[in-house]
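S.K.: Just passing along the structure, written as structure tokens.
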Amino acid sequence: MERVDEEARAEALRGQIRRWRQPPPGVELRPASAYEAVTRQMVEALTEDLREIKGRLNGLIWMLSGAIVVDVVLRLAGGGP
């Protein structure tokens, strides 16, 4: 009787080890509900808006930097106020 019990425990342990060795299931990227789909669309739209704002701010910073450089060059050349 002990032999059967020992074999059953050994088989259960082997089964558990096989389950541990299996790779975990992949991450599901599809929305699970309508709420999640709408929320994801809103986040993607917000991401695009932020990307546009970042581009505009970068343009303004470069324009301001260029204006400061031009002003400094003009003052050094004696052509400014």
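Bear in mind that the values in this text are calculations on the coordinates, not laboratory data. A quick note: this is a predicted structure, and the numbers were derived from the prediction, not measured. Backbone-built Cβ (ideal geometry, glycine too); neighbour counts: all protein chains shown.
S.K.: Taking the Cα atoms only, what angle lies between the long axis of helix 2-21 and the longest principal axis of the chain, rounded to 10 degrees?
M.R.: 20
S.K.: A follow-up question, please. What are the chymotrypsin sites (Phe, Trp or Tyr not before Pro) within the chain that DSSP puts in a loop, where the Cβ has at most 13 other Cβ atoms within 10 Å?
M.R.: When the chymotrypsin sites (Phe, Trp or Tyr not before Pro) of the chain are filtered for loop state and at most 13 Cβ neighbours within 10 Å, nothing remains.
S.K.: State the extension gain, in nm to one decimal, for the chain segment bounded by GLU44 and GLU7, taking 0.36 nm per residue of separation less the distance between their alpha-carbons.
M.R.: 7.8 nm
S.K.: I need the GluC sites (Glu not before Pro) found in the chain, filtered to DSSP loop residues with at most 12 other beta carbons within 10 Å of theirs. Provide the component values of the computation, followed by the final result.
M.R.: Details: sites: GLU2, GLU6, GLU7, GLU11, GLU28, GLU36, GLU44, GLU48, GLU52; in loops: GLU28.
Passing both the DSSP loop test and the Cβ count: GLU28.
S.K.: What shape does the chain take by its C-alpha gyration tensor, where a ≥ b ≥ c are the square roots of the eigenvalues and a/c under 1.5 counts as rounded, a/b above b/c as prolate, and the rest as oblate?
M.R.: Note, shape of the chain comes out oblate.
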